[in-house]
1. Give the residues of region 1-31 that are surrounded by fewer than 13 Cβ atoms within 10 Å (Cβ to Cβ), hydrophobic (A, V, I, L, M, F, W, C), modelled with pLDDT under 85 and assigned to a loop (DSSP other than H, G, I, E, B), sorted by residue number.
2. Would you say Gly93 is open to solvent by less than 30 Å² (accessible area, probe 1.4 Å), out of contact with any strand residue (DSSP E or B) (no Cβ under 6 Å at 6 or more places or on another chain) and part of a loop (DSSP other than H, G, I, E, B)?
3. How many residues does region 48-57 contain that are surrounded by fewer than 14 Cβ atoms within 10 Å (Cβ to Cβ) and either of a type in the set (S, T, N, Q) or part of a loop (DSSP other than H, G, I, E, B) (or both)?
4. Quick one: in region 61-81, which of the residues that are in contact (Cβ under 8 Å) with a residue 12 or more places away in the chain, more than 10 Å from the chain's Cα centre (by Cα) and outside any strand (DSSP E or B) is farthest from Glu99 (Cα to Cα)?
5. Scan region 113-126 and tell me whether some residue there is open to solvent by less than 40 Å² (accessible area, probe 1.4 Å), among the charged types (D, E, K, R) and in a loop (DSSP other than H, G, I, E, B).
Amino acid sequence: MKPKLLMTPLGQYEPAKWDGENLSACRPIGDRVLILPDGAAEQTGGNVFLPQDMQERMSMAAETGVLIAVGDGAWYWNSDRTRRFEGSKPKPGDRVGFERYAGSVRHGKDGKIYRIMDDKCVSDWWD
């Protein structure tokens, strides 16, 4: 059975899968977070196969993924850093939305490609 694809205006994405353990060997510090972004689908819903370079470009433009690790200072302050953050906070394992092209790319020891970014780049989250 094929995994369900996430449909966005940018394209179709396969949801990132996470087993509950950070195997990337990358640990964010301060107000940084580590995210495993969703990957571009190899094949569209219309059975069109995408070339590898197109998949890589679409994957870099992903705007959703799974939160893997959180630095000690993440979501400690509000977005303009003037007062303490109040409210619920995402935790590792939650699906999050983030700014397109946010953060920097990290290649994990497990062979997956991660993004590390400031906590304020995360726009929303859901369980």
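The values are calculated or read from the model by the stated rules, or taken from the named source; none is laboratory data. Model, not experiment: these values are computed from the prediction. Reconstructed Cβ throughout: ideal geometry from the backbone, glycine too, with neighbour counts over all protein chains shown. The area values use the complete protein model at the heavy-atom level, side chains included, leaving out ligands, DNA and RNA. Shrake-Rupley method; radii C 1.70, N 1.55, O 1.52, S 1.80 Å.
1. Let us first name the residues in region 1-31 that are surrounded by fewer than 13 Cβ atoms within 10 Å (Cβ to Cβ), namely 1-4, 7, 9, 17, 19-21, 25, 29-30.
The next check asks that each one be hydrophobic (A, V, I, L, M, F, W, C); those that pass are 1, 7, 25, 29.
With the extra rule that they be modelled with pLDDT under 85, the set shrinks to 1, 7.
Of everything in region 1-31, just one residue is surrounded by fewer than 13 Cβ atoms within 10 Å (Cβ to Cβ), hydrophobic (A, V, I, L, M, F, W, C), modelled with pLDDT under 85 and assigned to a loop (DSSP other than H, G, I, E, B), namely Met1.
2. On the way: open to solvent by less than 30 Å² (accessible area, probe 1.4 Å): no; out of contact with any strand residue (DSSP E or B) (no Cβ under 6 Å at 6 or more places or on another chain): yes; part of a loop (DSSP other than H, G, I, E, B): yes.
Answer is no for this residue.
3. Residues that pass the stated criteria total 3.
4. The initial filter retains those residues of region 61-81 that are in contact (Cβ under 8 Å) with a residue 12 or more places away in the chain, namely 61-77, 79.
With the extra rule that they be more than 10 Å from the chain's Cα centre (by Cα), the set shrinks to 61, 69-77, 79.
Subsequent filtering for residues that are outside any strand (DSSP E or B) retains 61, 71-76, 79.
Details: Ala61: 9, Gly71: 18, Asp72: 21, Gly73: 20, Ala74: 16, Trp75: 16, Tyr76: 20, Ser79: 14 Å.
So, considering only residues that are in contact (Cβ under 8 Å) with a residue 12 or more places away in the chain, more than 10 Å from the chain's Cα centre (by Cα) and outside any strand (DSSP E or B), the one farthest from Glu99 (Cα to Cα) is Asp72.
5. At the first step, the residues of region 113-126 found to be open to solvent by less than 40 Å² (accessible area, probe 1.4 Å) are 114-117, 119, 121-122.
Next cut, among the charged types (D, E, K, R) only: 115, 119.
From what is left, the residues that are in a loop (DSSP other than H, G, I, E, B) are none.
No, because not a single residue in region 113-126 is open to solvent by less than 40 Å² (accessible area, probe 1.4 Å), among the charged types (D, E, K, R) and in a loop (DSSP other than H, G, I, E, B).
Residue by residue, here is whether (1) at pLDDT 95 or above; (2) in contact with a Gly (Cβ under 8 Å, 6 or more places away or on another chain); (3) loosely packed, with under 14 Cβ neighbours inside 10 Å; (4) farther than 19 Å from Leu6 by Cα holds:
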residue	(1), (2), (3), (4)
Val33	yes, yes, no, yes
Gly46	no, no, yes, no
Ser59	no, yes, no, no
Ala62	no, yes, no, no
Gly73	no, yes, yes, yes
Tyr76	no, no, no, yes
Glu86	no, no, yes, yes
Ala102	no, no, no, yes
Gly111	no, no, yes, yes
